[in-house]
1. Restricting the search to the range 58-108, which residues are aliphatic (A, V, I, L, M) and in a helix (DSSP H, G or I)?
2. Count, please, the residues in the range 62-109 that happen to be polar (S, T, N, Q) and within 25 Å of Asn227 (Cβ to Cβ).
3. Out of (1) over 24 Å from Ala237 (Cα atoms); (2) modelled with pLDDT of 60 or more; (3) in contact with a Lys or Arg (Cβ under 9 Å, 6 or more places away or on another chain), what's the single condition that is false for Glu3?
4. Could you tell me how many of the residues in the range 171-187 are touching a residue at least 40 places away in the same chain (Cβ under 8 Å) and over 13 Å from Val206 (Cβ atoms)?
5. Within 17 Å of Val219 (Cβ to Cβ) and over 25 Å from the mean Cα position of the chain (by Cα), is that true of Thr102?
6. Give just the number: which of (1) hydrophobic (A, V, I, L, M, F, W, C); (2) outside any strand (DSSP E or B); (3) in contact with a Phe, Trp or Tyr (Cβ under 6 Å, 6 or more places away or on another chain) does Ala122 not satisfy?
7. Only one of (1) modelled with pLDDT of 85 or more; (2) charged (D, E, K, R); (3) more than 22 Å from Asp221 (Cβ to Cβ); (4) part of a helix (DSSP H, G or I) is not met by Arg48, so which one is it?
8. For the range 179-212, what are the residues that are in contact with a helix residue (DSSP H, G or I) (Cβ under 6 Å, 6 or more places away or on another chain) and farther than 15 Å from Leu104 by Cβ?
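The values are calculated or read from the model by the stated rules, or taken from the named source; none is laboratory data. Predicted model only: the values in this text are computed from it and were never measured. For neighbour counting, all protein chains shown are included, and Cβ atoms are generated from backbone atoms with ideal geometry for every residue, glycine included.
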Amino acid sequence: MLEDYSYPRLLLVGLAGTLAITLIVLAGTSSASLGVYNADWDGTSEIRSAAESAGAEPTVAQNVSAYEAATPEGTLAVVLSPSDAYGSDGQAVRSFVRSGGTLLVAEDYGQHGNQLLDGVGADARINGTPLRDEQRAGPSPDFPRANPVTNHTYTDGVDGLMLNHGSTIDAGNATTLFASSEFSYLDTNRNGALDDAETLRQRPVVTIESVGEGRVIVVSDPSVFLNSMLDRSDNAAFLQVLVESHDRVVLDVSHSTALPPLVTARLLLQDSGVAAFIAGALSVLVVTVALQPVGLVRRLRGRRSGRPDSPGLSETDIAASLRRRHPEWDSDRIERVTDSLMERRRKGGSND
């Protein structure tokens, strides 16, 4: 089979294959910060992995219709720093929560998280001011530590959390699950230092409250769930207890950065039987053609040019065809060409 291709052609095929694989990888992954298909340090792909490991079936929701399809009881919906306002879409989220679902909203400085909390009827709000701690923190005061302050299912086995340039929560009537240390302060003027007008005290960073038959959890820093932050403090344990407490996890990306193209296509196929059928039919066609490219091209060339390269032609038929196409040739030349074509056929080559 290799003799049908020249070395430059084989090199071209190899380069094309490498490019295709690279494009497939790029189209199936994301570089968006907080992206659930971003496996880099600033992604949150570990949330999907944690849910799968805990047996909590993860669903990536591109549309709020996922809330209507989900069984509220036993389902945790996760919204990480939405980039767009929910608007009227918030009604589907509200119905989900009030029917018994659990909603987790993690936000720090954006406003769309608070708009969603208001839409579902929650009392807690993200403050939006940077939280710092120069005594109880990680690599720098911008990484404040938080401790559990209430005995609850979601604090069980979690010794503490670490934020990454996070904020705090105006809890209202919500119950505080985790709070910063008594050495933390809100950097109201954002100068990276404790000033006389800034007060040291504990502040809520994770709250929970009942809304209808469901619950709303608020986290004042989505970075808690970053792949690179899960090995800080007990962040991974907090994520684990969240997913283990539910049968299903809905990762709501309906108002966040767009998903990679291949992921979008896969989710479309999962949701649409017609699209899946069409894709399957095209795949069968492509595979069929790919399995016999040389023979197919040879047959197409033969039909287009009318050359005597069909395996069904006998030696006599080939000679007769040559006489019709080249009446100026003498018998010796026709015999030589016929013998040459027959020899190439026996070796598996083309009659071109």
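1. Result: Ala66, Ala69, Ala92, Val93, Val97.
2. Count: 5.
3. Unmet condition: (2).
4. Residues meeting the conditions: 8.
5. No: the conditions fail for Thr102.
6. The one condition Ala122 does not meet is (3).
7. (3)
8. Pass one, the range 179-212, residues in contact with a helix residue (DSSP H, G or I) (Cβ under 6 Å, 6 or more places away or on another chain): 211-212.
Passing the criteria: only Gly212.
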